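Notes to accompany the following structure.
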Amino acid sequence: MTTRSPATATATATVTWTGANARRLVRQHLHPDAAVGATPATSPGAAVAAMLGAHAQVLSAAELSVGLRGDGLTRTDVRTALWTDRTLVKTFGPRGTVHLLPAADLPLWTGALSAVPAGTNPFSKDARMTPDQVEAVVAAVAAALTGAELTIDELSDEVVARTGPWAGDLVMPGFQAMWPRWRQVLHLAGHRGALVYAPNRGRKATYTNPGCAPLPGPGAQAALIERYLYTYGPATPAHFARWLAAPKPWAAEQFAALAAAGAIEEVTFADRGPAWVVAGDTDFPDSPVRGVRLLPYFDAFAIASQPRERLFPGAAYERALAGGQAGNFPVLLVDGTVAGVWHLRRSGRRIAVTVEPLEPLPTAGLRALEEQVERVAAIMEGTAELTVGPVAVGPHA
């Protein structure tokens with residue numbers, strides 16, 4: 001690649017897909033070659049920070065995402081960081097979905113996420129809430145959870161008692177049931193720093209107030225964009241908007257302001273045209289990625305890396321995506337790109353892993369795959385059993 005110099009200030013660096021993909025893997029602690037600066041994460045918090053949040057709708061998948069980026073990390077380490085040391089928090093992150101985030105970064109995340117403009121309201125007119133009702137519910141959630149750990153039903157009773165019967169109207173479609181009106185802003189309470197998950201009470205999730213003071217929105221959003229570009233750049237405003245579930249015009253305005261301030265700079269990305277990186281951050285590996293990796297459901301690298309058709313080339317685009325949506329299948333990476341899918345089934349300590357490569361793996365690739373399966377089993381604190389063949393399980397919802 002080329003880099004910008006004072007004599008060619010109007011020129012832009014050119015970044016190849018190979019270089020961008022390799023650097024993303026290095027910075028995610030997923031690159032297999034230490035010669036390019038790849039090192040394992042030293043703690044669950046470091047791993048989660050490196051990927052900008054671990055999707056945790058399926059907590060076991062988040063544990064794998066974290067463990068695969070560390071050296072010797074297990075699911076117990078992740079759970080200890082989450083519920084004992086409290087260096088991680090489980091809350092609503094990008095796209096309004098449940099994530100693990102570093103506790104130290106919660107003020108930045110809540111400051112940024114709470115200031116993102118709301119998109120189109122997906123609920124029917126009869127189910128919607130007025131702006132005043134939204135504020136009342138968020139305040140009620142914050143007050144009810146201060147110094148308490150409540151299940152969703154207990155929290156619902158508190159919210160209705162503190163706001164009014166309208167908050168409890170069963171108008172919001174949920175999983176095989178109708179949920180009370182106030183539930184549509186549960187994720188917003190998380191984004192405002194009023195709510196995070198607490199340890200389960202039996203099989204029931206509980207919530208608490210972390211006492212988080214969000215950072216001011218403009219500065220937090222600028223910092224989040226720079227972290228995103230450091231981790232997943234080069235990227236466009238549209239890529240960032242898709243990752244965050246934010247309006248595209250708003251994202252374009254944020255990028256333009258940062259470019260005008262000299263915080264980010266434009267590069268030419270492969271054959272895709274202009275994209276952005278953090279100013280001065282134009283060093284990329286020259287050599288292609290080699291090796292085999294397994295990534296679980298909703299792994300951050302698979303979801304955020306763009307352009308998606310480069311990460312999911314050819315047949316992988318049809319087999320490993322669900323209607324173009326990444327994360328619904330665990331994926332096999334071969335030489336840095338998706339080359340198959342896999343599935344894990346646990347029975348006691350037995351970790352049965354079925355891997356479906358889209359092309360036959362050579363002997364060296366099979367040995368590397370066996371090592372990866374052993375690593376998955378070690379993270380999950382079980383005994384590995386590998387089958388190479390078709391995966392019959394469909395995509396995760």
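So here's what we get for this one:
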quantity: Region 250-264 residues that are in contact (Cβ under 8 Å) with a residue 40 or more places away in the chain, paired with ones that are surrounded by 12 or more Cβ atoms within 10 Å (Cβ to Cβ) and in a helix (DSSP H, G or I) (beta carbon under 8 Å, 6 or more apart); calculated: Trp250/Ala241; Ala263/Ala222; Ala263/Glu226
quantity: Failed condition for Gln57, given (1) within 15 Å of Leu101 (Cα to Cα); (2) part of a helix (DSSP H, G or I); calculated: (2)
quantity: Qualifying residue in region 129-140 (condition: acidic (Asp, Glu) and touching a helix residue (DSSP H, G or I) at 6+ places or on another chain (Cβ under 9 Å)); calculated: no
quantity: Breaking point among (1) free of Cβ contacts under 8 Å to residues at least 60 places away in the same chain; (2) of a type outside the set (S, T, N, Q); (3) part of a loop (DSSP other than H, G, I, E, B), for Val116; calculated: (1)
quantity: Qualifying residue in region 125-137 (condition: in a helix (DSSP H, G or I) and small (Gly, Ala, Ser)); calculated: yes
quantity: Which listed residue, of Glu359, Glu381, is in contact (Cβ under 8 Å) with a residue 12 or more places away in the chain and in contact with a helix residue (DSSP H, G or I) (Cβ under 8 Å, 6 or more places away or on another chain); calculated: Glu381
quantity: Selected residue (only one of Ala167, Ala177, Ala148 is buried (at least 19 other Cβ atoms within 10 Å of the Cβ) and not aromatic (Phe, Trp, Tyr)); calculated: Ala167
quantity: Single residue of region 327-372 satisfying the filter (aliphatic (A, V, I, L, M) and outside any strand (DSSP E or B)) that is surrounded by the fewest Cβ atoms within 10 Å (Cβ to Cβ); calculated: Ala364
quantity: Wholly enclosed helices (runs of 4 or more DSSP H) of region 157-254 bearing at least 1 residues over 29 Å from Arg79 (Cα atoms) and touching a helix residue (DSSP H, G or I) at 6+ places or on another chain (Cβ under 6 Å); calculated: 217-232, 237-244
quantity: Top-ranked residue of region 49-79 - restricted to ones that are of a type in the set (Val, Ile, Thr) and touching a helix residue (DSSP H, G or I) at 6+ places or on another chain (Cβ under 8 Å), ranked as surrounded by the fewest Cβ atoms within 10 Å (Cβ to Cβ); calculated: Thr74
quantity: Index of the failed condition, His99 passing every other in (1) closer than 20 Å to Gly211 by Cα; (2) surrounded by fewer than 23 Cβ atoms within 10 Å (Cβ to Cβ); (3) within 14 Å of the chain's Cα centre (by Cα); calculated: (2)
quantity: Number of the condition not met by Ala316 [criteria: (1) out of contact with any Gly (no Cβ under 8 Å at 6 or more places or on another chain); (2) of a type outside the set (Ser, Thr, Tyr); (3) not in a strand (DSSP E or B)]; calculated: (1)
quantity: Criterion violated by Ala259 - all others in (1) closer than 30 Å to Thr387 by Cβ; (2) of a type in the set (A, V, I, L, M); (3) in a helix (DSSP H, G or I) satisfied; calculated: (1)
quantity: Region 266-287: number of residues that are among the small types (Gly, Ala, Ser), modelled with pLDDT under 95 and closer than 20 Å to Pro237 by Cβ; calculated: 2
quantity: Yes/no for Tyr228 being of a type in the set (Ser, Thr, Tyr) and in contact with a strand residue (DSSP E or B) (Cβ under 6 Å, 6 or more places away or on another chain); calculated: no
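The values are calculated or read from the model by the stated rules, or taken from the named source; none is laboratory data. Predicted, not measured: the structure shown is a model, and the values here were computed from it. Positions of Cβ are backbone-derived with ideal geometry, glycine not excepted, and every protein chain shown enters the neighbour counts.
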